Amino acid sequence: MIDILARRELADSAELAAGVCEEAQSSGAEAPEAACADAPPEHRASSSSAAAPAAAAEEEEDEDEEEDGQLTYDDLARRCLELAEISPGAPELKAGVEWCGRLLLRELRRATRKTEAQDDVRFADGAKLDDLLLCPEDLDGVARLSRHAVPKALRLEVHEAYREGRWVRRRQRRQEFRKALQMILLAKDALPWVLLSSLASAASASVGVVGLHYRAEVLAALQRPRRVAASAAAAAGASAGAAAPTAVRTAMMAMVLVELLAAAARALESQLRARSQDLMARSIQVRLFEALVAKDMTWWGGQKEPWANINKVICLPAQVESALAAPRTLVNRISTISIQFALVRQRSSRMLYAMLLMHWAKFGVNEVVSRLLSWFQRRSVRGLVMPSQDKFTWIYALSPEYIRLYQSFARGPNEALDLKRYLCGNNRQQELTGAVSSLAKPVMAVISQACTVVELNTMGSLMDEGTLDISQAETVMQYASGVARDSESTYWDITAFQDKLSPLARAWDFVALPPKIVLDRGFVPEGRAKGHFVFEGVHFHYPGRRSKILRGTSFEVKPGQVVGITGTTGCGKSTCLSLVERFFDVTKGRILLDGRDIREYQPRWLRSQIVAVSQEPKLLPLTIRDNLVFGCDHDPTLEEIEQACRAANIWDSLTDPQKFPNGLETQMTVAQNVAGGEKQRLCIARAILANPPILLLDEATSALDEVSQAQVQEALNKLMAGRTTLAASSAAARKS
Ligand SMILES: Nc1ncnc2c1ncn2[C@@H]1O[C@H](COP(=O)(O)OP(=O)(O)OP(=O)(O)O)[C@@H](O)[C@H]1O
């Protein structure tokens, strides 16, 4: 028996008719209670008059929220540039350019505020702000091509917002070190190993450097007797075959000993390093995974590429390794530089300083040239309409999913043109930037050659003075350029250190930013929920959207009742069920369960009391058994599984070897031709095994043919027995 008793609550986009369908329980056949028939009048009142100022306040609050489908600076600038290409100076462009400025100002301010507040993961890494910080220059290009200037006051405001944004980003970069450190500190059990491996690394680097010194000593010892013998032979005319002095042997022994020690230290260090990295990466990976799994639906709704999150977890060990390697490399480099520095200074400090000066001068000039280059490149592509992939249709033309669509609409030639436009747009930018960089190459080559000439000249003048012979001069030059090269690499290492820490700092953002709905915080009652729901003047709109889905919806569901929510497509039926599970929180009003606001309960407990069966059966690519026991808090026996499957009318299908060759142990991916109705009944069996007191059915039978509907309905009837059930269905609305 379906009894539509609901009121109509107008939402922005559609209307929700919350039809309360009461059905006598399969055996009990109780009459519908009056309390269920209508909501208290005060709740209805609140949905109209009292809601108005609050709604206005909410709208104001959301004024700065990003809204899907809202016009962005990027879109408008693109449109203006397209128009400017066809008709430069068109009068419409004046307003277009001004609006570009306003949109950019709004987006810059919002991104700056959110990046600074660090409470929104979409902005926390600063990437969005970084993109926007490139736009003011771009805005000038739009204005130039459109032949209309941005109003002066607005330009000043954009400039101010740009400066503020840059300042926030600079400050945020400084905080990355702290965040990465906090992330590393999460892996407390790995820290002693990290300390040990760092000590071993420092020891191995020091021994390595000492080895360098002894190698130089051996060379010096080898050269000394030859020189002495050669001068003696020249003086006395005697043979130069003097016996190897003991100093050479001693130096050689010392060198071998030190090399052996260095090898042992390196072996120990690599073992300790592997262990410490393994432990640290694992703990951090697990923490990141836990944080991501616990994120709320608002956060997940903002994720454009879910696979990117899996990659974040998987790539973390490499990022930890790279971050931990950075200080170690730095220590090693500093030790090497010091010893080379000392060795060269012993021979010729002039050579050393000349090399250092030259190297750094070359480096400085290269830096200036490359900065100029990127400035020229930016200028050369300013105002270029860059193709963005989402504006083209050829992208999908070769995917098997859409190929029939493309062929049936004979889109081949159009898509070829589309691709040509895209390639032209892309090539234009590459041509311009390529032309600028090809100009810079000869400049760099001239600088490098000039430095080589000065180096050789210094070496020549040292030899002329008789300070060094050719082989000594060459060795000293090698060491000196080693010092210069290593000191430059150290500079780059220090600059790159920040980038190496960034992924860890980002991971910290994910871990540290608490979800809006914290899963394990709140009241946990003893025993199971009774299932008494009351919707009291519930208002709701999705985060980032302005259109209200629910406006003061009120109804009551007594324990054990079956209540149907009906209405047109998109009116908010599924949303009501999401609110019950607390995937989102109501924006106003409240939902009570057994007399308490559901926000007071621990969400983990609340969700353990509820099972939802939706229109689209959700089964994992695991075995049938694993899918069936997915929601159980204990390991059910085979008899229990069989009972649940029989109640869900799926047991006979499971024993069909054609479909499920290994019965319960069949992998879902291997099961052949499993119909939608069968999958739905597997979900029902899963719900029966989980045995929750509350059931949410979201169009559970609407995607099925009549035969399957009857089978699934029979299974549902058994599942609903004794449970409070909220069932969303637009079919009931259509029938009524
Ligand atoms: N996660 C979400 N974020 C933003 N908007 C959403 C989200 N989910 C649903 N909506 C929007 O909310 C409105 C109500 O959606 P809902 O799924 O609750 O409607 P419904 O009545 O269950 O429709 P149907 O009968 O088609 O399932 C729709 O306009 C939908 O586009």
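What are the residues whose amide H is under 5 Å from the amide H of A294, where those residues sit 5 or more places off or on another chain and H is modelled from the backbone?
none
With a cap of 14 neighbouring Cβ atoms within 10 Å, and only residues DSSP puts in a loop, list the GluC sites (Glu not before Pro) found in the range 479-576.
Of the GluC sites (Glu not before Pro), the ones in loops of the range 479-576 whose Cβ has at most 14 other Cβ atoms within 10 Å are E526.
List, in order, the whole-Hz ³J(HN,Hα) value for each residue of the range 140-156 obtained from phi through the Karplus relation with A = 6.51, B = -1.76, C = 1.60 and θ = phi - 60°; use x for Gly and Pro.
Going residue by residue, I get 4, x, 4, 5, 5, 5, 7, 6, 9, 7, 6, x, 4, 4, 5, 4, 5 Hz, with x marking Gly and Pro.
Quick one: 3J(HN,Hα) in Hz for the range 186-193, Karplus 6.51/-1.76/1.60 with θ = phi - 60°, rounded, Gly and Pro as x.
Each residue of the range 186-193 in turn: 5, 8, 4, 5, 8, 4, x, 5 Hz.
Can you pull the semi-axes for the range 595-736, root of five times each eigenvalue of the Cα gyration tensor, sorted largest first, whole Å?
Listed largest to smallest, the semi-axes of the range 595-736 are 25, 20, 12 Å.
Counting Lys and Arg as +1 and Asp and Glu as -1, each charge on the Cβ, what is the dipole of the range 308-404 about the Cα centre in debye, to the nearest 20?
Dipole magnitude for the range 308-404 comes out near 480 debye.
If you stretched the chain out fully between L83 and H634, how much longer would it get, using 0.36 nm times the residue separation minus the C-alpha to C-alpha distance?
Separation in residues times 0.36 nm, less the Cα-Cα distance, equals 191.8 nm.
What is the spin-label model distance, in nm, from R282 to A342 if the labels are put 7 Å beyond Cα along the C-beta direction?
4.1
If you count only protein heavy atoms with a 1.4 Å probe, what accessible area per residue comes out for the range 462-568, rounded to a whole Å²?
Per residue, the range 462-568 has 45 Å² of solvent-accessible surface.
For the range 115-169, would you read off the P(r) tail past 15 Å as a percentage of all alpha carbon pairs?
53
Residue separation times 0.36 nm, minus the C-alpha to C-alpha distance between S206 and H159: what's the value?
Between S206 and H159, full extension yields 11.8 nm more.
What is the Cα coordinate range of the range 299-341 on the first, second and third principal axes, sorted by size from largest, in whole angstrom?
Each principal axis gives a Cα extent; for the range 299-341 these are 57, 16, 11 Å.
Once label points are set 7 Å from the Cα along Cα→Cβ at both R646 and Q667, what is their separation, rounded to one decimal in nm?
Those two pseudo-labels are separated by 3.1 nm.
Calculate what fraction, in whole %, of the accessible area of the range 659-720 sits on carbon and sulfur atoms when a 1.4 Å probe is rolled over the protein chains.
Ligands and nucleic acids excluded, carbon and sulfur give 45 percent.
Against the globular-protein guess of 2.2 N^0.38 Å, express the Cα radius of gyration of the range 138-178 as a ratio, rounded to two decimals.
1.63
Based on the inverse mean of 1/r over its pairs of different Cα atoms, what is the Kirkwood hydrodynamic radius of the range 271-408, in Å?
21.9
What number in nm² do you get for the range 239-333 if you take the convex hull of its Cα atoms and divide its surface by four?
Over all viewing directions, the range 239-333 projects a mean Cα-hull area of 10.4 nm².
How much FRET efficiency would the formula 1/(1 + (r/R0)^6) give for L257 and L191, where r is the Cβ-Cβ distance and R0 is 35 Å, rounded to 0.05?
Using R0 = 35 Å, I get an efficiency of 0.55.
Once neighbouring chains are kept in place and the probe is 1.4 Å, which whole percent of the accessible area of the range 395-443 is contributed by carbon and sulfur?
That fraction is 62 percent.
What is the spin-label model distance, in nm, from F523 to L398 if the labels are put 7 Å beyond Cα along the C-beta direction?
6.1
Principal axis lengths of the range 362-486 from Cα atoms, whole Å, largest first?
Extents along the principal axes, in whole Å: 87, 32, 19.
Mind checking the range 553-621 for trypsin sites (Lys or Arg not before Pro) that DSSP puts in a loop (not H, G, I, E or B) and that have at most 13 other Cβ atoms within 10 Å?
K618
Mind putting together the pair-distance distribution for the range 155-220? All Cα pairs, 10 Å bins, whole percent per bin, short to long.
It works out to 17, 19, 19, 18, 16, 9, 2, in whole percents.
Please compute, for the alpha-carbon atoms of the range 528-597, the extent along each of the three principal axes and give them in descending order in Å.
Answer, in whole Å and largest first: 35, 24, 18 Å.
In terms of the Cα gyration tensor, with a ≥ b ≥ c the square roots of its eigenvalues, is the range 455-600 rounded because a/c is under 1.5, prolate because a/b exceeds b/c, or oblate?
It is prolate, given that a/c is not under 1.5 and a/b is the larger ratio.
Need the C-alpha centroid separation for the range 410-450 versus the range 114-186, integer Å.
The range 410-450 and the range 114-186 have Cα centres spaced 28 Å from each other.
Taking +1 at the Cβ of each Lys and Arg and -1 at the Cβ of each Asp and Glu, which of T458, A505, V446 sits farthest along the dipole of the range 419-554 towards its positive end, judged by Cα position relative to the Cα centre?
Of the candidates, A505 comes out farthest on the positive side.
Loop only per DSSP, at most 12 neighbouring Cβ atoms within 10 Å: give me the trypsin sites (Lys or Arg not before Pro) in the range 462-522, ordered by residue number.
R521
How many Å³ per residue does the convex hull of the Cα positions in the range 98-221 occupy?
166
Please give the contour-minus-distance gain from R599 to D585: 0.36 nm per residue of separation, less the Cα-Cα distance, rounded to one decimal in nm.
Difference between extended and current length: 4.3 nm.
Excluding ligands, DNA and RNA, what is the solvent-accessible area per residue of the range 257-367 at a probe of 1.4 Å, expressed in Å²?
55
Rounded if a/c is under 1.5, else prolate if a/b beats b/c, else oblate: with a ≥ b ≥ c from the C-alpha gyration tensor eigenvalues square-rooted, which is the range 662-734?
The shape class here is oblate.
The values are calculated or read from the model by the stated rules, or taken from the named source; none is laboratory data. Every value quoted in this text rests on a predicted model; they were computed, and no experiment measured them. Reconstructed Cβ throughout: ideal geometry from the backbone, glycine too, with neighbour counts over all protein chains shown. Just so you know, the surface numbers come from the protein's heavy atoms only, side chains and all, with ligands and any DNA or RNA stripped out. Shrake-Rupley method; radii C 1.70, N 1.55, O 1.52, S 1.80 Å.
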